[in-house]
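Each remark here refers to the structure printed beneath this line.
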Amino acid sequence: MPWCSASPSPTSLSRFVLLAILVLLCCSFFAVAQNTPVDAEGHQWWQHAVFYEIYPRSFADSNNDGIGDLNGISSKMSYLHNLGVDAIWISPCYPSPQVDFGYDVSDYENIDPMYGTLADFDGMVAEGRKQNVKIILDFVPNHTSDQHPWFLDSKSSRTSAHRDWYIWRDGKGPGKPPNNWISIFGGSAWTLDPTTNQYFYHFFYKQQPDLNWRNPAVEKTMLDTTRWWYQRGVSGFRLDAVDTLFEDPELRDNPVLPGTNAQGDPNMENQYNDKLPQVHEELQKLRKVADDYNAVLIGETWTSNIAELDRYYGQGSHELQLPMDFMFTMVNQLSPPEFRRQIAAVDAAHGWPVFVISNHDIQRSYNRYGDGKNNDAIAKLMGAFYLTLRGTPIMYYGEEIGMENNDPIRREDVKDPIGRTGWPKEKGRDGERTPMQWNTAPNAGFSDATPWLPVPPTYMTHNVASESQDANSVLNLYKKVLALRHTNQALLEGSYVALNKNDPNVMSYLRSYKGEAVLVALNMSSTPRKVRFDLSPLGFGSASAPSSLKVLIASQAASAQSNEVSLEPFGLLIAEVH
Ligand code: NOJ
Ligand code: CA
């Protein structure tokens, strides 16, 4: 073989040069390809991916200690792939005293022993690669644990190396914190530390001191941490509490509003410690690093209007690719007019929409939308709804089997600290964090040991094994819709147009792309409905020869005839338009 000879001839030399050029070209092509759009519409991987949030304590327990772990997640990777999930966001699994169940990090570059080891993490990434499931970690930039070595050093003296990594101030006088800011978890946001007789600031629990992002050393360390994980195979981050990264340097008092919150504290407008403009500069820096790895940034962005949400994409789309739109989660009723309004608003924003109906901080969608009688039908309806919209959906584990909240009944059973301090008005978030229901074995097959939170009795009917056998289950509906949205061009690439916009009961819309169209009709009412569609203004059929519908997915009693759809109470129908 010419390239093996000791002294190459001029021909083999030129062949070698050619080959080297080819290799170089290929390498640079792949490097560029990493950051180039993946399809003709300019859509990137995270725009076609379905994300799925996993609360690691509660997903699968591989070593039977009652707490879920990374090997447990690895063991379920083929389940996730078969379900139609492309990326999992894992809530924090770093070493942590677990005061806020992982959102109090004591080492950003390791795995908590209760969840496994870095080797288990690498194994999970490898398993994910086999099953085409990307790993997204939860990055907690606003605060660390009070047990993090940085904070232990910071509090040790006023001149310690890490003193300025956190926010320390003198009080206004004896027993008087520096200002009136309130922790979202209850009480003052300032705690006096007797060692140095100064207050430190914490937007959340006092065991979660806020980092000082105005200190360049903090910023550099945190950006480097994201790099470290990207190099280890992470495909992006969900950024926790980004709104709270910066505080007013003058520490001005927040305006006080009338009334008190669930924790008994005065209501307040967080004018000086929330959504400060500097947040956006930091997001741009985090994004720059993410772009080097073709990674995605998902934001925990609680906003009250679309203009606010829009800002998180960044003016040149150089901040978050996926700021979560939580406004959908606040429509706590099946209201087509309200959903239409929300979708139209987010569609008009300049970024790619993100839809979420559940997560580990809010009551499960099964309970929020359910009417107590038709909860399964409503769970299917909601799945068929947000998984067929234009945008990226982020599911929450268990939503696909119709898992319900299992709220604690007695204060002494509460694990989430805000449930203990706010009881009985605020029961905390345990109810939406219970173990995944795999089968009918004790503890729903999650663990042989008593789980850290109890499963609800309904696990006997709502579990993966039983629902896999039932063609009409919530799980099978989710699977069908997810399979469709991965292959159907109109759902992947198409525009969204609301249909029959004045109908207060049936939510319907058309997704269309290059002459292909999918119609979705969802009966959000408890009575049967018949709906007629005139799609001729949209280019499908004409007044004399209306378009016809070919059913792709439908609830048991739903049907389509010509251009008319019949839906049972809470029925759904997804059809191809001809
Ligand atoms: C938002 C997280 O989702 C929540 O669970 C946590 O308690 C706070 N951020 C503090 O990190
Ligand atoms: Ca375990």
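Taken together, the values in this text are just the output of simple stated rules run on the coordinates, not laboratory data. This one's a predicted model, so the numbers in the text were calculated from it and none came from an experiment. With ideal geometry, Cβ positions are generated from the backbone for all residues, glycine too; neighbour counts draw on all protein chains shown.
Structure above, values below:
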{"item": "Dipole in debye (nearest 20) - the stretch 127-267, about Cα centre, beta carbon charges: Lys, Arg +1; Asp, Glu -1", "result": "420"}
{"item": "Descending principal axes extents, the stretch 39-132, alpha-carbon based, whole Å", "result": "47, 24, 21"}
{"item": "Charged-residue dipole, Cβ positions (Lys, Arg, Asp, Glu), the stretch 133-192 about Cα centre, Debye nearest 20", "result": "180"}
{"item": "Bridge type composition, the chain - antiparallel percent by DSSP, nearest 5", "result": "65"}
{"item": "Debye log10 I(q)/I(0) at q = 0.25 Å⁻¹ for the stretch 424-466, Cα point scatterers", "result": "-0.81"}
{"item": "Value at 222 nm in deg cm²/dmol, rounded to 500, when DSSP H runs of n ≥ 4 in the chain each add -39,500 (n - 2.57)", "result": "-8000 deg cm²/dmol"}
{"item": "Set of aspartates and glutamates near Lys176 by C-alpha distance (under 14 Å), chain-local residues within fewer than 8 positions excluded", "result": "Asp193, Asp253"}
{"item": "Unsatisfied cross-links (Cα-Cα over 26 Å) in the set Lys480/Lys514; Lys134/Lys501; Lys172/Lys206", "result": "Lys134/Lys501"}
{"item": "Gyration tensor (Cα) of the chain, equivalent ellipsoid semi-axes in angstrom", "result": "40, 34, 25"}
{"item": "Burial ordering of Thr195, Thr421, Thr226, fewest other beta-carbon atoms within 10 Å first", "result": "Thr195, Thr421, Thr226"}
{"item": "Leading residue at positive end of dipole, the chain (Cβ point charges), from Gly422, Gln561, Ala449", "result": "Gln561"}
{"item": "5 angstrom amide H check on Val296, placed H, neighbours 5+ away", "result": "Gly236, Phe237"}
{"item": "Cα radius of gyration and Dmax for the stretch 149-201 (Å)", "result": "11.1, 30"}
{"item": "Convex hull projection area averaged over all views, the stretch 492-577, Cα basis, nm²", "result": "5.2"}
{"item": "Lys, Arg +1 and Asp, Glu -1 on Cβ, resulting dipole of the chain about Cα centre, debye, nearest 20", "result": "940"}
